[in-house]
Amino acid sequence: MSGGCDHAVEHMYYYLDSEMTWYRRMRIRRHLRRCGGCCDAYEFETRLKKLIRERGRSEPPPELFESLRALIRQEAADEPEA
Ligand SMILES: [Zn+2]
């Protein structure tokens with residue numbers, strides 16, 4: 001029910017579009033921590049793919065999703081949910 005995930009996906013979308021600034025990076029990382037796995041990494045990825053399709057971009061390379069999954073896992077493990 002939290003809208004934060006959508007925003008995190010939005011930020012990740014811009015990551016594909018341009019270089020990721022430290023500020024965007026920080027915002028995503030902050031969200032991942034608060035969200036603890038970000039609504040399940042799989043769902044996050046699904047939303048991102050949908051967003052990409054909606055905006056008419058070509059599919060990003062699978063490596064991106066792998067690093068994305070790693071980031072989410074890492075952040076989730078970093079700080080146990082309160
Ligand atoms: Zn989330």
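Over all other residues within a Cβ to Cβ distance under 11 Å of Glu45, the charged ones net out to +1, with Lys and Arg as +1 and Asp and Glu as -1. For the pair Glu10 and Gln74 in one chain, pulling the backbone fully straight at 0.36 nm per residue adds 21.0 nm over the alpha carbon distance. Relative to the Cα centre, the charge distribution of the stretch 4-78, modelled as +1 at Lys and Arg Cβ and -1 at Asp and Glu Cβ, gives a dipole magnitude of about 240 debye.
Placing unit charges on the Cβ atoms of the charged side chains and taking the dipole of the stretch 4-78 about its Cα centre, the candidate lying farthest along the positive direction among Cys5, Ser58, Leu48 is Cys5.
Computed from the coordinates by the stated procedures, all read-outs in this text should not be read as laboratory data. This is a predicted model, so every value here is computed, not measured. We place every Cβ from the backbone using ideal geometry, glycine too, and count neighbours over all the protein chains shown.
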